[in-house]
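> Structure provided below as structure tokens; questions to follow.
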């Protein structure tokens, strides 16, 4: 259950600090796919729920995926093409150029790149049991807002997968918290002073 605590803590902290992105560093072998220990052919057998969960993570605008691997460069290229063909996009490989070392800053990321969540069998990740848990935590249908970082400003966007008729604690539907004439901008409830949607 430590993976639940880790992910919830990462999102809670991002919310408290008003950070637009949560970074997932994810290993390949025995984490995403079952290792075949064959130098001539990359393994392609996903663990149950890994493929679907990674597709969901890819679609989340508030999550960035980092491939965390000791694979050789030619293998990494093959993996990236393979994952891309499955609708899984990794933003970076073994680095996070979005969080860098700053003089007088809090951390030094020259030799250790920044991430919030680590999924790696060598760090205790249980591929057989943890992927379904992660899917339940990050599935798009549970997210009332898709969060993006546009021009250094956090933007809360309408999620078409969430459910238009779900009720907010204010008593009005999800759909009524957005402006249908302005690209579904999040404007708050049209019928009361409830600014942000919180499911009842």
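> Against the conditions (1) assigned to a loop (DSSP other than H, G, I, E, B); (2) surrounded by fewer than 17 Cβ atoms within 10 Å (Cβ to Cβ); (3) touching a residue at least 60 places away in the same chain (Cβ under 8 Å), where does residue 31 fall short? Just the number, please.
Of everything listed in (1) assigned to a loop (DSSP other than H, G, I, E, B); (2) surrounded by fewer than 17 Cβ atoms within 10 Å (Cβ to Cβ); (3) touching a residue at least 60 places away in the same chain (Cβ under 8 Å), residue 31 misses just condition (2).
> Please name all residue pairs, on different chains or six or more residues apart, with Cβ atoms under 9 Å, provided the first residue is in segment 169-198 and is touching a residue at least 40 places away in the same chain (Cβ under 8 Å) and the second residue is assigned to a strand (DSSP E or B) and loosely packed, with under 13 Cβ neighbours inside 10 Å.
none
> Could you tell me whether residue 149 is under 27 Å from residue 3 (Cα atoms), modelled with pLDDT under 85 and touching a strand residue (DSSP E or B) at 6+ places or on another chain (Cβ under 8 Å)?
Considered against the rule, which asks whether it is under 27 Å from residue 3 (Cα atoms), modelled with pLDDT under 85 and touching a strand residue (DSSP E or B) at 6+ places or on another chain (Cβ under 8 Å), residue 149 comes out as yes.
> Where residues in segment 100-119 are surrounded by fewer than 17 Cβ atoms within 10 Å (Cβ to Cβ) and modelled with pLDDT of 90 or more, which of them is farthest from residue 184 (Cα to Cα)?
The extreme case among them is 112.
> State which residue is farthest from the chain's Cα centre (by Cα) when the search covers only segment 10-40 and only residues that are under 21 Å from residue 98 (Cβ atoms) and modelled with pLDDT of 90 or more.
Here the residue is 27.
> Here's another thing I want to ask about it. Name every residue in segment 188-200 that is modelled with pLDDT of 90 or more and in contact with a helix residue (DSSP H, G or I) (Cβ under 8 Å, 6 or more places away or on another chain), in order of residue number.
Correct list: 188, 189, 190, 191, 194, 197.
> Let me ask something additional. Of all residues in segment 165-185, how many are at pLDDT 90 or above and either surrounded by fewer than 16 Cβ atoms within 10 Å (Cβ to Cβ) or outside any loop (DSSP other than H, G, I, E, B) (or both)?
14
> Looking for something without any contact (Cβ under 8 Å) to a residue 12 or more places away in the chain, touching a strand residue (DSSP E or B) at 6+ places or on another chain (Cβ under 8 Å), assigned to a helix (DSSP H, G or I) and assigned by TED's automatic domain parsing to the domain that holds residue 136 - is there at least one such residue anywhere in segment 3-15?
Yes, some residue in segment 3-15 is without any contact (Cβ under 8 Å) to a residue 12 or more places away in the chain, touching a strand residue (DSSP E or B) at 6+ places or on another chain (Cβ under 8 Å), assigned to a helix (DSSP H, G or I) and assigned by TED's automatic domain parsing to the domain that holds residue 136.
> With the requirement that a residue be closer than 17 Å to residue 26 by Cβ and either outside the structural domain of residue 47 (by TED's automatic domain parsing) or not in a loop (DSSP other than H, G, I, E, B) (or both), what does segment 82-111 give you?
82, 83, 84, 92, 93
> Now for a different question. When only residues in segment 130-146 that are over 12 Å from the mean Cα position of the chain (by Cα) and more than 15 Å from residue 52 (Cβ to Cβ) count, which is modelled with the highest pLDDT? Let's see the steps before the verdict.
Of all residues in segment 130-146, those over 12 Å from the mean Cα position of the chain (by Cα) come to 130-133, 136, 141-142, 144-145.
Those still in the list that are more than 15 Å from residue 52 (Cβ to Cβ) too: 144-145.
Values: 144: 86, 145: 81.
Among those residues, the one meeting the criterion is 144.
> In addition: Looking at 59, 52 in this structure, which one is touching a helix residue (DSSP H, G or I) at 6+ places or on another chain (Cβ under 8 Å), farther than 14 Å from residue 32 by Cα and either surrounded by 15 or more Cβ atoms within 10 Å (Cβ to Cβ) or touching a residue at least 24 places away in the same chain (Cβ under 8 Å) (or both)?
59
> Also, quick follow-up: Suppose the filter is in the same structural domain as residue 127 (by TED's automatic domain parsing), under 18 Å from the mean Cα position of the chain (by Cα) and assigned to a helix (DSSP H, G or I); does residue 53 pass it?
Yes.
The values are calculated or read from the model by the stated rules, or taken from the named source; none is laboratory data. A quick note: this is a predicted structure, and the numbers were derived from the prediction, not measured. Cβ atoms come from the backbone with ideal geometry, glycine included; neighbour counts cover every protein chain shown.
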